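Notes for the one structure printed next.
The values are calculated or read from the model by the stated rules, or taken from the named source; none is laboratory data. Here the structure is a predicted model, which means the values were calculated and not measured. Neighbour counts are summed over all protein chains in view; Cβ atoms, including those assigned to glycine, are modelled from backbone coordinates with ideal geometry. Accessible surface is based on the protein model in full, side chains and every heavy atom, while ligands, DNA and RNA are left aside. Shrake-Rupley method; radii C 1.70, N 1.55, O 1.52, S 1.80 Å.
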Amino acid sequence: MAIENSKKNVTFISGDKTYSMGNGHFYVIAGPCSIESEVQFLESARSVVANGACLLRGGIWKLRSSAQAFQGLGKAAFDIVQKVTSELHTGIVTEVTDPRQIESLYPMVSIFQVGSRNMHNYALLKELANQDKPVLLKRGLAAYIDEWLKAADYVETSGRAQVILCERGIRTFETATRNTLDLNAVAFLKKNSPYPVIVDPSHAIGIGELVPDISLAAAAVGADGLIVEVHPAPKEALSDGPQALTPTQFSQLMIKLEKVLNALDRKLQKK
Ligand code: PEP
Ligand code: MN
């Protein structure tokens, strides 16, 4: 099939290493939903890096459904990111919520994240197309695969920025879990799109103790990796605490993931 022959590998730099997502290895990106303080981010980051994550996540500007909810530290997080990433020799993926943030985030990020709520923000996608760092494009809350791929096309039009797709659960009639993880989409896109596809199990299910189970399913279905929320004290988190893994749960997940990947002749890409 033509698509199979034109698979894209997406190169990103984390710390002093260059990685190539799409090469068959499994990449784990992890960290807190939001960066809340130096101590909180450092603790989360240390634990995930020590257990094999190759890139950090951490929200600086948060898009929250409620205007009263924690909106992220904004620029006050920049120094924290600088300190933690240089201490741990690693990079970060963080969400860009407004085209005006691109310039200041550019030197700091390994990958720009476009959140679900912005998948249809074509002004943002067009601006990201004009720079050369990869874009982690999350699926819209209720976006068809076709709409998602068209959004990816906006980012790739200039031929500079490369896209990684992220399935993070969609809205269905079900309310017992936060969203419904669409593993069909992962299988479909691995066959019918050129992009690497990763899974965000945290926003997909919204329940920390169930995150490991669907993470293993994501590896089994052929995803290129995961982006997982990990907080040193989930009950105290300023955003998305109920879905965060503790560092211990994360390290247990990594052990199981490696077993599933080995059974499939795949490798966990360690830092
Ligand atoms: C996030 O990754 O913190 C986030 C807000 O995710 P989403 O855009 O998928 O809701
Ligand atoms: Mn979150």
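Odds and ends about this structure:
- Residue within the stretch 30-38 that is at pLDDT 95 or above and away from ligand 1 (no atom under 15 Å from the Cβ) present: yes
- Qualifying residue in the stretch 92-99 (condition: within 28 Å of Ile170 (Cα to Cα) and away from ligand 1 (no atom under 13 Å from the Cβ)): yes
- All told, Phe112 falls short of being over 16 Å from the mean Cα position of the chain (by Cα) and of a type in the set (Phe, Trp, Tyr).
- Hits in the stretch 41-63 (condition: away from ligand 1 (no atom under 15 Å from the Cβ) and open to solvent by 10 Å² or more (accessible area, probe 1.4 Å)): Leu42, Glu43, Arg46, Ser47, Val49, Ala50, Asn51
- Filter result (part of a loop (DSSP other than H, G, I, E, B) and among the acidic types (Asp, Glu)) within the stretch 257-271: Asp265
- The test for being out of contact with any helix residue (DSSP H, G or I) (no Cβ under 7 Å at 6 or more places or on another chain) and within 16 Å of ligand 2 (Cβ to nearest atom) holds for Ser44.
- Which listed residue, of Phe41, Phe78, Phe70, is of a type in the set (Phe, Trp, Tyr) and touching a Pro at 6+ places or on another chain (Cβ under 9 Å): Phe41
Conditions (1) touching a residue at least 60 places away in the same chain (Cβ under 8 Å); (2) open to solvent by 20 Å² or more (accessible area, probe 1.4 Å), marked per residue:
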residue: Val96; (1), (2): no, no
residue: Arg100; (1), (2): no, yes
residue: Ser116; (1), (2): yes, no
residue: His120; (1), (2): no, yes
residue: Lys126; (1), (2): no, yes
residue: Lys138; (1), (2): yes, no
residue: Ala142; (1), (2): no, yes
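- Residue in the stretch 152-164 that is within 16 Å of ligand 2 (Cβ to nearest atom) and not β-branched (Val, Ile, Thr) present: no
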